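J.: Just passing along the structure, written as structure tokens.
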Amino acid sequence: MIDSTLKRALESKRFVVTAECGPPKSADRTVIEKKAQLLKDWVDAANVTDNQTAVTRMSSLAACAILKSLGLDPVFQITCRDRNRIALQSDILGAYALGIRNVLCLTGDHQSFGNHPQAKGVFDLDSVHLIETVRRMRDEGKFLSGDELTGERPAMFIGAVENPFAPPYEFRALRLKKKVEAGAQFIQTQIVYNIQRFREFMARVGDLGLLDKVYILAGVSPIKTPGAARYMRDNVPGLDVPNEIVERMEAAGKGIEDKKARAEAWRQEGITICVEIIQQLKEIEGVSGVHIMAIEWEEAVPEIVRRAGLR
Amino acid sequence: MIVADQKPIEEILQMLEPYKRVLLLGCQSCVAVCMAGGEKEVGLLASAVRLARTSQGRPIEITEGVVKRQCDDEFNDLWRETIEQQEAVLSLACGVGVNKLSERFDLPILPALNTKFFGEVERQGIWTEVCAGCGNCILHMTGGICPIARCAKNLLNGPCGGVRADGTCEVSRNGPRPCAWVLIYERLGKLNQRKNMEQLFAAKDWSSDRHGGPRRRIREDMLL
Amino acid sequence: MSAHAEPKIVAFCCHYCAFAAADLAGVLRLKYPPNVHIIRLPCTGKLDALYVLKAFEAGADGVIVAGCLEGSCHFISGNIRAKKRVLAIKNLLPKLGIAPERLEFFNLSSAQGDRFAQIAREMVERVRALGSFHPAEEEDSHDRRGSEAHRRDLTDAGAL
Amino acid sequence: MKACERQALDFTQTERIFSLEVGAVVLATGFEPYDARVVGEYGFGRFANVLTGPQFERLLSASGPTMGKVVRPSDSQPPKKIAFIQCVGSRDLRHQSYCSAVCCMYATKEAIVAKEHDHQIEPTIFYIDLRAYGKGFESLVKRAREEHGVRYICSMVSQVTEIPETKNLLIRYRDESGALREEEFDLVVLAVGMRPSAKGQELARKLGLELNEHGFIKTSVFDPVRSTRAGVFVTGACTGPKDIPETVIQASAAAAAVGALLAPARGTRTQTKHYPEESVPDGAPRIGVFVCHCGSNIAGVVDVKAVAEYAKTLPGVVHAENVLYTCSQDNLKHMKEIIREKKLNRVVVASCTPRNLAALFQDTIREAGLNKFLFEMVNIREQCSWVHADQPERATEKAKRLVRMGVAKARQLKPLAVQSVRIAPAALVIGGGLSGMVAALTLADSGFETHLVERRAELGTDLLGILRTPEGEDVQHLRARLLDAVRTHPKIRVYTSTTVQEISGFVGNFSSVLKGPWGEERIQHGVVIVATEAYERKPSAYLYGEDPRVLTQRELLRYLETGEGEQPRRSLVMIQCVGRDEKRPYCSRICCGEALKNALALLEQDPSRQIYVLYREMISYGFLEDLYRRAREGGVVFIRYDERTPPVVQRANDHLAVTVRDARLRQEVLIQADLVVLSTGVEPDPYNEEISRLLKVPLDAHGFFVEAHIKLRPVDFASHGIFLCGGSHAPGTISELIAKAQAAAGRAAIVLAKGELEAGGVVATVDQEKCTACLTCLRECPFGAVFINAQGLAEIEAVKCQGCGICAADCPAKAIQLGQFEDAQELSMIEELFRERVSAL
């Protein structure tokens, strides 16, 4: 039996909300605690990123333990970049022991994007291998090497990610199928801005009969400034930001002289766009909820959840 | 072939700083083909070093030579008597040659090249890494395109989410490269073997790679 | 610059265009300084990058490489190859303590006698301004010329 | 007598008459410039600053009286405004009625060169019709206008008067707006035309040759190099005014015609030159150095004695002397004696440019038993004495250095073997039109097996639809004669509906696969002639295709021959230069001639017809000018239009309304026409793309083939053994195409007649020991001369190698050396050049 608040929320067929909680580039636990307070009443579970974009931060395992102690249901994100299969399995055992019940298996960003491009990337396993490893530890009581896992097993609620907006588009649903077969039980997708392409992806996932085998949370993210919109459209591979959204952000600030007021106008427009996207995502068959990634803007989550009528 | 690149001239000059009599020894196999360490490059590098040292007012005496292959003692031994008169040898072979000479002769053996990868000739003047020598080939499953050498994260269940709209890999420190798994996807499509990509590739046994420790290959029947 | 320190320039000229243009400059009795010495190649495509470095090593103050106009090389692509090789060396020269302006590639047709004379004058002025990059060599000191190529040549000629 | 050291003067010599027994005579007596004095109104001979074109050419020349400086004869001051007056003595019944064909272009060239010499000169060209009809001519005129600022004024100059004080000249003419104007110029150049040379005419009469009505030697349209007397061939300007490319083509054609006539006697009178057994030089180099005075050309500046003395001190030199003229006959004899006497195994000649006399000296040392590559030539004239005349001592120092370099290279020279390769004595002719048939017949008559390949089902389709030549000759009769001759000639094999699948091999040994409905066949041949034609372009303007009353010139011909088709009742308008725009700017050369021929034929049928010809420039060059005059006399109305305001054709109930702006009268003219005929020019055969790919020969921007050199090798491709003719090289009249086809056949016959080809010498060779088979040479060779041999290493086909050395310079293993330019040889020259002290004895 998997004792996960997130899992129970999803099983209740309610429209679930999860959010991303970025750990600090320091040992200051209060940063995590403040973010926890912010998200506590508004989300079913909170993801903690694992050295996102290969930039060194407080470990995801530690931050999740702090969230757990504050009564939040953490989602422990774990990548294959920094650890080999020995360390990955040992962290799964440790996390479970600390009461963490959700794990998100990712391949992870390449070290050349982070602040240590000289580092040696591990990539002993990829995300699919990791999903299967956690499932076998939980269901078969076996390590990846086949050794017996005697004693308490890590009964984790296993999650994975998928990016419907990166080529080859027709293969993306099939790749999701591989992850489900490996043991993925819930999926948090890349940020959705191109609704049409996401609909096509969900239709193909439906055709493969996966909708009743896995919960899918659509990723969303409010945009702070037109600059950020342009940057994401032009420089972030695998992210599809339609021009209308960039134009709306640019239009929002037009004619406002005062810098602060203009920044506020942009933020409001960013949140409005995010809420509109959430409304449309609600109508797509198979979307069980949203995963709000308000990077370094956790304060926006409550307002988004409220205006989208999710609480 | 083994593909190598010449070190920047400043770095080479620095290495040669303490020496006045040096042998530049090239190699006629892989590094000649990839235009890094053949007889021509030995001539050019020797001339460049002499010019630099002359303009610094500290002339250097350079002997130029080249061997068929620097990974065999017998070839290197042909230059024993000249080597013994030098203060150092600057080898223009791949790293293997530098090691071989260092094991054989007790004077400093300096690497003029940065040895890089097993490569194909994409076209004249461009060499591309396509094999990582992992010791356990799966090319029959991936339509002949190697994800270990050509995917930045050597994924076995690619592609990851970091593929640009034009099909190139997000990791482009060494210039834009097509995503290996997109290539495999298209290739398997042509060969009607796309099924291979749909089933799960098991985790790789890295012990056949250098992760299992430096490797040797032994043909018992050929031992003398 | 004392008299004997007149800059010396070698000009690698292709038989069909630059060498012919130099001949035409003669026919037209144009004037250019005698510092420029022409070495005839069948095509600038025959110019080995080694020749340029060896020229500087031997004591050249400037090197001219002159081939046909692009598109009219008698051997179709010789001048294009040569231009690339010269560019590669020009990038290397500053790292060896040699001013890249001492080396230049020119395109000209066999009918441009005046252009050849102008190139010769221009390069002599340019190199004179740069002075000699060899430390002032008083006499023909052998050690300054330590290069083994020099020794090989003397042995051939039976002088050693 | 006493002055000449060589006692070369012998005043006792008298005229000697002797006779030669020959099989054929070729007359090339050329032309004389028309005497401008006869054209009194332009004041030549009376006004100092009025020159003729040839005189101005001399003024521009660097070896001319003013060393190329443009100055006025009256006060030697540089002129600013120069006027060129065209058609002086030509197109003028009082002098010569024909057009001299070359003056428009030589005036344009002279204007451009004048501007290059002195950029503040402002040239103006007064012309009647700007006849830029040759290959690349219109782009030269365009550059003249746009880049060089040459001003062109379409106006007859009625008179030139001189202003006594300044000796400037006043020209009276009608300007763009039609007003009569007088403009002052510093210099006037009269573009005089060509007259047949008087002595040439006299010789022609002596040989019993007929002259045409203009005094040029009469030839037949269908055999432009044959005179009226069998065995006597004629070529060049003595048969009519023509420019250099046409002259060179006719010369080759005449040679080809003679070659065909005398084929049975080929080789009977020639002796092959025998050289003594080559002594293989062993041991140390024994070099002979010959330093030339070249009269005063070298010795006037360089101290040749000192250079010779210095040469004696150089390692390896066993003999050195200075010679008054090294290239003189007696010195060549002297050199051979010295070579034998002192057992020289290397020779260095320090004189002029190797580009002129290297071959002569190499032949000389061969006669003395030395391999001809054991020779080095040092240029101390054009590249030393002539350019450093103002600094004799430094020139001498430089000469010494150059000699030292030459001797250093000589020390490293090696004998190079030259072997001969047998040639397959057959030719492949691609294209069975007029040119293909003529080329095949000329080659076959010269005794060579010829394969004539035509992709269409029939030969000579380009001649279909042409009834007569402008001169009135029956073209269909010619076609029938050619078809019969080609079909029955024992040496010609015809392949119709056949294409060339693949051509491999090289000059002397091509191997091609021909493919047709009858299957495939592989043939061996030594040469290739590309003879594809140009075809009438289908227009898309002036309602063509929408209204049956709008035809092309060829379609009008069908009416003239068969009477069917549209009836040109009363009035008919011809429009020239249809479809000639930026994409297709070239002049197709033959349309004006065709239009005039058709107009005269229509008038002949019904003199009451009213014919209008709307033109940009009337290109009736040469003797076609008579047609133009007869058409005007016959009542044809010629209206010049500006290319920026072309005519407009609209339907108007029972006729076609043609409106055009007359550039001369500067007003709109409306013509009601029953029929509109379009001269659309020609375009190259689209099959040329395929031929270009097969033979790797270049096409220009408009799809015509690019020859090796427009003037010097007009019917050769750059790659050896491949020749071209036909409309796909450049459009031409029937007699021009015939001459070009004969010329191409003549050039090809040279290769076949030799029977063998020299290979080796200055070629690259791969040292099999060093080669790492990196394939760089194979990829870089522009001539595909490198292949991978059985051992998997690179090897170079000596016959295909052109000796450029690209491969040798880039080979990473230093495995390739180019004969006569080996690295050791070049590096030794570099080393010697910078050896410091010039040890003056």
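The values are calculated or read from the model by the stated rules, or taken from the named source; none is laboratory data. Note that the structure is predicted; figures quoted are calculated from it, not measured. Counting neighbours? That spans all protein chains shown, and the Cβs are built from the backbone with ideal geometry, glycine included.
J.: Can you tell me which residues in the range D:282-312 are in contact with a strand residue (DSSP E or B) (Cβ under 9 Å, 6 or more places away or on another chain), over 17 Å from D:CYS384 (Cα atoms) and in a loop (DSSP other than H, G, I, E, B)?
T.: D:PRO285, D:ARG286
J.: Hey, among the residues in the range C:95-119 that are aliphatic (A, V, I, L, M) and in contact with a helix residue (DSSP H, G or I) (Cβ under 8 Å, 6 or more places away or on another chain), which one's nearest to B:GLN56 (Cα to Cα)?
T.: C:LEU96
J.: Hey, which of the strands (runs of 3 or more DSSP E) in the range D:649-691, taking only ones fully inside, have at least 1 residues that are within 39 Å of the chain's Cα centre (by Cα) and not basic (Lys, Arg)?
T.: Once the strands (runs of 3 or more DSSP E) in the range D:649-691 are filtered for at least 1 residues that are within 39 Å of the chain's Cα centre (by Cα) and not basic (Lys, Arg), what remains is D:655-662, D:675-678, D:682-684.
J.: I need every pair where a residue in the range D:355-375 that is farther than 21 Å from C:LEU41 by Cα has its Cβ under 8 Å from the Cβ of a residue that is among the β-branched types (Val, Ile, Thr), sequence separation at least 6 or different chains.
T.: Between residues of the range D:355-375 that are farther than 21 Å from C:LEU41 by Cα and residues that are among the β-branched types (Val, Ile, Thr), the close pairs are D:ILE365/D:ILE339; D:ILE365/D:VAL347; D:ALA368/D:ILE339; D:GLY369/D:ILE339; D:LEU370/D:ILE339; D:LEU370/D:VAL347.
J.: So in the range B:129-168, with the set limited to residues that are buried (at least 16 other Cβ atoms within 10 Å of the Cβ) and among the polar types (S, T, N, Q), which one is nearest to the other protein chains (Cβ to nearest Cβ)?
T.: Ranking the candidates gives B:ASN157 first.
J.: Oh, and also: Given the conditions (1) away from every other protein chain (no Cβ under 14 Å); (2) within 30 Å of C:ARG115 (Cβ to Cβ); (3) crowded, with 16+ Cβ neighbours inside 10 Å, and given that D:LEU360 satisfies all but one, which numbered condition is not satisfied?
T.: (3)
J.: For A:VAL161, indicate whether it is assigned to a helix (DSSP H, G or I) and either modelled with pLDDT of 95 or more or within 23 Å of A:PRO74 (Cα to Cα) (or both).
T.: So A:VAL161 fails the test.
J.: Scan the range B:25-48 and give yes if some residue there is away from chain C (no Cβ under 11 Å), under 27 Å from C:LYS54 (Cα atoms) and polar (S, T, N, Q), otherwise no.
T.: yes
J.: What are the residues in the range B:93-152 that are of a type in the set (Lys, Arg) and either in contact with a strand residue (DSSP E or B) (Cβ under 8 Å, 6 or more places away or on another chain) or touching a residue at least 24 places away in the same chain (Cβ under 8 Å) (or both), if any?
T.: Correct list: B:LYS100, B:ARG104, B:LYS116, B:ARG150.
J.: Is one or more of the residues making up the range D:413-431 among the β-branched types (Val, Ile, Thr) and assigned to a helix (DSSP H, G or I)?
T.: Scanning the range D:413-431 turns up no residue that is among the β-branched types (Val, Ile, Thr) and assigned to a helix (DSSP H, G or I).
J.: Name the residues in the range A:34-54 that are more than 10 Å from A:GLU20 (Cα to Cα) and in contact with a Leu (Cβ under 7 Å, 6 or more places away or on another chain), would you?
T.: A:ALA36, A:LYS40, A:ASP44
J.: Now for a separate question. Do we find that A:GLU170 is touching a helix residue (DSSP H, G or I) at 6+ places or on another chain (Cβ under 8 Å) and either among the aromatic types (Phe, Trp, Tyr) or more than 24 Å from B:LYS204 (Cβ to Cβ) (or both) in this structure?
T.: The answer is yes for A:GLU170.
J.: Give the range D:583-622 a look and list any residue that's in contact with a His (Cβ under 9 Å, 6 or more places away or on another chain) and either surrounded by 20 or more Cβ atoms within 10 Å (Cβ to Cβ) or not assigned by TED's automatic domain parsing to the domain that holds D:LEU675 (or both), or say none.
T.: The answer is D:TYR586, and nothing else.
J.: Report, by residue number, each residue of the range B:75-90 that is touching a strand residue (DSSP E or B) at 6+ places or on another chain (Cβ under 9 Å) and outside any loop (DSSP other than H, G, I, E, B).
T.: B:PHE75, B:ASN76, B:THR82, B:ILE83, B:ALA88, B:VAL89, B:LEU90, listed by residue number.
J.: Let me ask another. Do any strands (runs of 3 or more DSSP E) entirely within the range D:155-210 hold 3 or more residues that are of a type in the set (Asp, Glu), and if so, which?
T.: Where strands (runs of 3 or more DSSP E) fall fully within the range D:155-210 and carry at least 3 residues being of a type in the set (Asp, Glu), they are D:180-185.
J.: If A:LEU208 satisfies all but one of (1) within 11 Å of another protein chain (Cβ to nearest Cβ); (2) under 19 Å from B:LEU200 (Cβ atoms); (3) out of contact with any Lys or Arg (no Cβ under 9 Å at 6 or more places or on another chain), what's the number of the condition it fails?
T.: Here A:LEU208 meets the rest and fails (3).
This table checks each residue for (1) within 30 Å of B:ARG53 (Cβ to Cβ); (2) more than 8 Å from every other protein chain (Cβ to nearest Cβ).
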residue: C:CYS13; (1), (2): no, yes
residue: C:LEU47; (1), (2): yes, no
residue: C:VAL63; (1), (2): yes, yes
residue: C:LYS83; (1), (2): yes, yes
residue: C:ALA88; (1), (2): yes, yes
residue: C:LEU93; (1), (2): yes, yes
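J.: If you don't mind, another one. How many residues does the range D:339-357 hold that are more than 14 Å from chain C (Cβ to nearest Cβ) and surrounded by fewer than 17 Cβ atoms within 10 Å (Cβ to Cβ)?
T.: Qualifying residue count for the region: 4.
J.: I want to confirm something. Restricting to the range A:91-131 and keeping residues that are in contact with a strand residue (DSSP E or B) (Cβ under 9 Å, 6 or more places away or on another chain) and acidic (Asp, Glu), which single residue is modelled with the highest pLDDT?
T.: A:ASP91
J.: Can I ask one more? Here are the criteria: (1) touching a strand residue (DSSP E or B) at 6+ places or on another chain (Cβ under 7 Å); (2) surrounded by fewer than 22 Cβ atoms within 10 Å (Cβ to Cβ); (3) in a loop (DSSP other than H, G, I, E, B). Tell me which single one D:CYS4 does not satisfy.
T.: Tallying (1) touching a strand residue (DSSP E or B) at 6+ places or on another chain (Cβ under 7 Å); (2) surrounded by fewer than 22 Cβ atoms within 10 Å (Cβ to Cβ); (3) in a loop (DSSP other than H, G, I, E, B), D:CYS4 fails exactly one: (1).
J.: Can you name the residue in the range A:82-125 that is within 17 Å of the chain's Cα centre (by Cα) and over 13 Å from A:ILE158 (Cα atoms) and, of all such residues, is nearest to the other protein chains (Cβ to nearest Cβ)?
T.: The selected residue is A:THR107.
J.: Out of D:ALA748, D:ALA708, D:ALA753, which single residue is surrounded by 15 or more Cβ atoms within 10 Å (Cβ to Cβ) and at pLDDT 95 or above?
T.: D:ALA748
J.: Moving to a separate point now. Quick test of your reading of the structure: D:VAL387 fulfils all but one of (1) at the interface with chain C (Cβ under 8 Å from one of its Cβ atoms); (2) in a helix (DSSP H, G or I). Name the failing condition by number.
T.: (2)
J.: Looking at the range D:103-125, which of its residues are surrounded by fewer than 21 Cβ atoms within 10 Å (Cβ to Cβ) and either charged (D, E, K, R) or not assigned by TED's automatic domain parsing to the domain that holds D:LEU169 (or both)?
T.: D:LYS109, D:LYS115, D:GLU116, D:ASP118, D:GLU122 - these are the residues of the range D:103-125 that are surrounded by fewer than 21 Cβ atoms within 10 Å (Cβ to Cβ) and either charged (D, E, K, R) or not assigned by TED's automatic domain parsing to the domain that holds D:LEU169 (or both).
J.: Taking the range A:20-36, which residues are charged (D, E, K, R), assigned to a loop (DSSP other than H, G, I, E, B) and either within 16 Å of A:LEU61 (Cβ to Cβ) or touching a residue at least 40 places away in the same chain (Cβ under 8 Å) (or both)?
T.: Residues satisfying the conditions do not exist here.
J.: In the range D:484-535, which residues are among the acidic types (Asp, Glu), touching a strand residue (DSSP E or B) at 6+ places or on another chain (Cβ under 9 Å) and either surrounded by fewer than 20 Cβ atoms within 10 Å (Cβ to Cβ) or free of Cβ contacts under 8 Å to residues at least 40 places away in the same chain (or both)?
T.: D:GLU502, D:GLU520, D:GLU521
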